[in-house]
Amino acid sequence: MTSDNRQVIAVADPAELAKIAAERLIARIAANAGRAAICLTGGSSPKQLYQLLATEPCRGRIPWDRVHWFIGDERFVPADDPLNNMSMARRIFLDRCAPASNIHPIPTDTAHPDDPDGSAERYERELKSFYGAEALGPARPLFDLVLMGVGHDGHTASLFPGCPAVEETARWVVGVPRANVEPFVPRVTLTLPALGSCREMLFGAAGDDKRAILTRVFAGEDLPANRARAAGETVWLVDQAAFPEHVRGR
Ligand code: 6PG
């Protein structure tokens with residue numbers, strides 16, 4: 001199904017979702033002969049994909065030396081906390097596969113644990129230095145691929161409905177003092193312009209507990225997950241259990 005500059009691909013189950021996501025990620029890296037940049041996502045949905053990337057044959061198909069790994073949002077907890085998004089990705093695949101200098105976590109170890117803004121500023125500086133410019137140019141996206149998930153309230157990354165971060169147009173990264181959903185810790189999130197500066201934005205949603213929110217997303221409701229669009233392609237991989245009835249019937 002293609003509509004509104006968004007492609008929705010139905011997949012059988014989480015295993016197939018992970019396989020297709022891995023193929024798309026590998027293809028995006030292959031399409032860039034130089035330094036590739038991938039923005040990862042947190043939550044539980046991408047774990048199967050991350051396991052696949054660390055396993056042959058995927059592992060051997062990724063030119064690890066020239067791929068840089070970022071994260072779209074972070075829970076404001078120390079790096080060794082099990083809730084930390086980048087730590088989850090490190091544990092599952094990055095620490096075994098990627099050179100340490102190619103892993104770009106959002107810094108959360110700070111003297112001011114209640115103020116994620118300083119960490120947001122530091123990450124924005126890191127992204128700008130990686131990109132080599134202070135402003136994002138439409139012809140040269142920041143990321144080759146941005147992975148995304150969707151929460152039951154329609155949030156994506158840590159962009160929660162009604163939160164000022166969703167409206168941000170200038171900053172690349174902002175602090176979010178309160179999360180709408182568990183875990184209720186402050187967050188640091190890339191903004192819609194930074195996340196959207198990519199060749200492909202790839203959402204993954206699986207399981208029947210995603211069906212209600214996908215019904216709202218595909219009905220075009222004004223939700224952060226709907227506002228998130230790539231400069232290039234926006235693709236949603238949705239498994240059978242998550243697929244809303246009215247979309248399935250088309
Ligand atoms: C986070 C995420 C968040 C996530 C969605 C979906 O920090 O929690 O980055 O945006 O993608 O909440 O989470 P699940 O994959 O766990 O359903």
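Hey, can you grab everything whose amide H is under 5 Å from the amide H of THR234? Only 5+ residues off in sequence or another chain; H modelled, so Pro and N-termini drop out.
Those qualifying (amide H under 5 Å, at least 5 residues apart or on another chain) are GLN7, MET201.
List the residues whose amide H sits under 5 Å from the amide H of VAL176, counting only those 5 or more places along or on another chain, with H placed 1.01 Å from N in the peptide plane.
Answer set, sorted by chain and number: ARG187, VAL188, THR189.
Given a cut-off of under 8 Å on Cα pairs at least six residues apart, what relative contact order in percent is computed for the stretch 83-181?
With pairs under 8 Å counted, the relative contact order is 27 percent.
Given Cα pairs under 8 Å that are at least 6 residues apart, what percent is the relative contact order of the chain?
Here the relative contact order equals 24 percent.
Summing Lys, Arg as +1 and Asp, Glu as -1, what charge do residues with Cβ under 13 Å from the Cβ of ILE71 carry, ILE71 excluded?
So the surrounding residues net to 0.
Using Cα pairs closer than 8 Å and at least 6 residues apart in sequence, work out the relative contact order for the stretch 132-250, in percent. Kindly include the intermediate steps, with their values, before the conclusion.
Working: 214 pairs, mean separation 34.7, N = 119.
This gives 29 percent for the stretch 132-250.
Quick check: pseudo-label points 7 Å beyond the Cα along Cα→Cβ at ALA219 and ALA31, how many nm apart are they?
3.3
Using only DSSP helix segments of four residues or longer, with each worth -39500 (n - 2.57), what per-residue ellipticity at 222 nm results for the chain after dividing by its residue count and rounding to 500? Working shown, then result.
Values: 9 runs with 69 residues, N = 250.
Taking each H run of at least 4 residues, the total per residue is -7000 deg cm²/dmol.
Sum up the charges of everything whose Cβ sits under 13 Å from the Cβ of GLU16, counting Lys and Arg as +1 and Asp and Glu as -1, but leave GLU16 out.
-1
Would you kindly compute the Cα radius of gyration of the chain and its largest Cα-Cα separation (Dmax), both in Å?
Radius of gyration, then largest Cα-Cα span, for the chain: 16.9, 53 Å.
Output the Cα-based Rg and Dmax of the stretch 1-51 in Å, rounding Rg to one decimal and Dmax to a whole number.
Values for the stretch 1-51 (Cα only, Rg and Dmax): 12.7, 34 Å.
P(r) for the stretch 140-182: what percent of alpha-carbon pairs falls in each 10 Å bin, starting at zero?
Histogram of Cα-Cα distances, whole percents per bin: 23, 53, 22, 1.
For the charge dipole of the stretch 45-89, defined by +1 on Lys and Arg C-beta atoms and -1 on Asp and Glu C-beta atoms about the Cα centroid, which residue among THR55, ALA89, PHE70 has the Cα displaced farthest towards the positive pole?
THR55
May I have the convex hull volume per residue, in Å³, for the Cα set of the stretch 111-181?
Dividing the Cα hull volume of the stretch 111-181 by its residue count gives 113 Å³.
Coordinate-derived values only; no laboratory data. Keep in mind that what you see is a predicted model, and the values were worked out from it rather than measured. Backbone-built Cβ (ideal geometry, glycine too); neighbour counts: all protein chains shown.
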